[in-house]
Amino acid sequence: MDFEIKPKADILFEISWEVCNKVGGIYTVVVSKASQMLSYYKENYFLIGPYFSEKARGQFQEIVPPDDIKGIFSRLEQEGIKCHYGKWLIEGEPKTILIDFADFFGQKNQIRNELWETSKIDTLNSGFDFDEPMIFSWASAKLIEQFILLYKDKKIVCQFHEWLCAAGLIYLKNRNLKTGLVFTTHATRLGRTLAELNLPLYSMLEGVDSDQLAYKYNIYDKHQLEKAAAQASHVFTTVSEITGIEAQYILSRKPDFFLFNGLDISKFPSFEEIVIKHRIQRDRIREFILYYFTPYYSFDVKETLLYTLHGRYEFRNKGIDLYIKALGQLNQKLKTSNNSQKTIVAFIFVPSNVRGIKPGLLEAREIYKDIKDYYEEISEELKQNILYNLVSNRNISQSELFTKTFLREIKSRILRLKKTGLPPVSTHDLADPNDIILKAIKEAGLENKEEDKVKIIFYPIYLTGDDGLLHLNYYESIQGSHLGVFPSFYEPWGYTALEAAALGVSSVTTDLSGFGRFFKEENQDQLQPGIFILDRFGKQDDEVTDSLSDFFYRFSQFSHQDRVKNKLRAREMAAKADWSILIKNYIQAHNLALEKSL
């Protein structure tokens, strides 16, 4: 802990739509750094979020507030703002106030009117997706206002996350209350929209008329609110350099600080555990691969490398398109190369809408389980036979190891496993027959033929640890792989790549991700960097696809020792993104905001 940097504020309020309300990456940010915040602000650190009873159940423990805070709550309830005081059941159990703003919705038009009068935010045609967070954040600001009025002798800083909480910052700024205001953009609303529309975001930034584009794509209310908060804040921050570039043009303000996203690395496996955990989860995946492919043909799973891509279903933003194209190219290279005996099994762990597990796969799983159970019944006898023959220095024949009955029964079961045709490219039947991932797989020539050196498996469900197939959770699926692939086009930070590194798994990403740019300079001259970063900024997709394919081939040629070195290097690099290091940026931002507010 670097306590050379000390907070100048007496009280910190952190406001996020994702406090006790898991929606996206901000939840991970807030949860993983809470204990570090507590180490600086102690009992004077408060998190504020929306109250949704179902979301709060199991992670929020309500308790009776102190008398002074109880008085604040009583006054607010008269305005339709009901506050729940307690602690969030995460590391450190920080003080948390959840706001039930259902009865405050009657103030919608007055709030909209003030936003227009003071900040020219056009909310005339806004919908519920705008109004709900607007009203919550306005209510949160009224809560903070009461604290400021009560504790007039205290220095207070407020940090608001994303456009979802921007209205609250504007409320406090309009009233010129003595509090430092920090606004954090994790991804600009317009930038994400342009990227999702497959527009060349970064090449069109210079000279962009962001307000006009926001109207064109019908996100003007959210964009204007976000821009106004960035302008009004004492300190404006983004979570990465790449988002800072985006914000400079779209929100017309350069960030004062980069608040890089981190993890509590102490919660992840040690160097000693990495290899052991990889072997355990890898073998579970190998068993799945056996019953997935063996009904149709066989290959040596011990000479197989596992490439994995995890993420939301954002075909271009997450680089799923490049991943599939590069795998298609790799398949051709490996089939014409005499230098590799490796087979690549490439997973796409991206949730989609599914109808159910493919019936043929369920049948194969049950037959395989039956074979395994039957084998395990005689495994002790088999071990004894092997031991006796080894000690006796005798050649071991099949007939000496297995009885005729066993061989007959096991062959019968194996014959039941056999199928005609080709292994499916997806574990599930998808609801959309025109699914773009399936279409891209077909266009890349990835058909899971016997002669293909790259096999592909689209696994379109959430990894819960109990899904009827792999039974792996998210972290376990990463641990079992050899390479995590994250070739994103739009990735303000990139927690999946950081989590892979923290789990001791090599990964490849791009310099269009905040995570990639964070490590790029330090990694560029390393022979075994662990985290491989491709140039994508200013590059055409075809050029990046070729680079990714070349890298896939090069990684497939690594020796076991090379892969282990990269695993350990990845874990070493992840430690540089520990919250104990990165949290000081937050403290600096808070201190500067306080100075500017006085």
Assuming Y217 fulfils every condition listed in (1) without any contact (Cβ under 8 Å) to a residue 24 or more places away in the chain; (2) surrounded by fewer than 17 Cβ atoms within 10 Å (Cβ to Cβ) apart from one, which condition is it? (1)
All-but-one check, K418 against (1) in contact (Cβ under 8 Å) with a residue 60 or more places away in the chain; (2) surrounded by fewer than 16 Cβ atoms within 10 Å (Cβ to Cβ); (3) of a type in the set (D, E, K, R); (4) out of contact with any Phe, Trp or Tyr (no Cβ under 9 Å at 6 or more places or on another chain), failing number (4)
Is there a residue being modelled with pLDDT of 95 or more and over 25 Å from the mean Cα position of the chain (by Cα) anywhere in the stretch 258-278? no
For the stretch 54-88, name all the residues that are among the hydrophobic types (A, V, I, L, M, F, W, C), surrounded by 13 or more Cβ atoms within 10 Å (Cβ to Cβ) and more than 12 Å from A139 (Cα to Cα). A56, F60, I69, I72, W88
Could you tell me whether any residue of the stretch 278-290 is part of a loop (DSSP other than H, G, I, E, B) and either farther than 30 Å from P359 by Cβ or not acidic (D, E) (or both)? no
Considering only residues that are modelled with pLDDT of 95 or more and surrounded by fewer than 15 Cβ atoms within 10 Å (Cβ to Cβ), look in the stretch 335-354 and name the one that is nearest to the chain's Cα centre (by Cα). P351
Single match in F271, F349, F288 (criterion: over 30 Å from E91 (Cα atoms), outside the structural domain of R413 (by TED's automatic domain parsing) and among the aromatic types (F, W, Y)): F288
Looking only at the stretch 222-238, decide whether some residue is of a type in the set (A, V, I, L, M, F, W, C), in the same structural domain as A166 (by TED's automatic domain parsing) and within 23 Å of the chain's Cα centre (by Cα). no
Quick one: is N434 among the polar types (S, T, N, Q), within 30 Å of R312 (Cβ to Cβ) and in contact (Cβ under 8 Å) with a residue 24 or more places away in the chain? no
Select the strands (runs of 3 or more DSSP E) contained entirely in the stretch 291-385, then report the ones holding at least 1 residues which are among the small types (G, A, S) and within 17 Å of E447 (Cβ to Cβ). 343-349
Could you say which residue among G25, G92, G106 is out of contact with any strand residue (DSSP E or B) (no Cβ under 8 Å at 6 or more places or on another chain) and on the phi > 0 side of the Ramachandran plot? G92
Would it be correct to say that I121 is modelled with pLDDT of 95 or more, surrounded by fewer than 22 Cβ atoms within 10 Å (Cβ to Cβ), among the β-branched types (V, I, T) and assigned to a loop (DSSP other than H, G, I, E, B)? no
Filter result for the condition that a residue is within 18 Å of I72 (Cβ to Cβ) and either among the hydrophobic types (A, V, I, L, M, F, W, C) or touching a Phe, Trp or Tyr at 6+ places or on another chain (Cβ under 6 Å) (or both), over L149, L124: L149
So which pairs qualify, if the first residue must be in the stretch 559-581 and part of a helix (DSSP H, G or I), the second must be of a type in the set (S, T, N, Q) and modelled with pLDDT under 95, the Cβ gap must be under 6 Å, and the two must be at least 6 apart or on different chains? K565/Q528; N566/Q528; R569/Q528
Restricting the stretch 124-161 to residues that are basic (K, R) and surrounded by 14 or more Cβ atoms within 10 Å (Cβ to Cβ), the one farthest from H223 (Cα to Cα) turns out to be K154
Among helices (runs of 4 or more DSSP H) entirely inside the stretch 132-225, those with 2 or more residues being under 22 Å from F46 (Cβ atoms) are 166-174
Within the stretch 486-526, which residues are free of Cβ contacts under 8 Å to residues at least 40 places away in the same chain and among the hydroxyl-bearing types (S, T, Y)? T509
Which ones in the stretch 137-169 are of a type in the set (A, V, I, L, M) and more than 19 Å from N591 (Cα to Cα)? A139, A141, L143, L149, L150, L164, A166, A167
List the helices (runs of 4 or more DSSP H) inside the stretch 1-89, counting only whole elements, that have at least 3 residues being under 22 Å from A577 (Cβ atoms). 25-41
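The values are calculated or read from the model by the stated rules, or taken from the named source; none is laboratory data. Note that the structure is a prediction, hence the values are computed from the model and not measured. Here the Cβ is made from the backbone with ideal geometry for all residues, glycine too, and neighbour counts use every protein chain on show.
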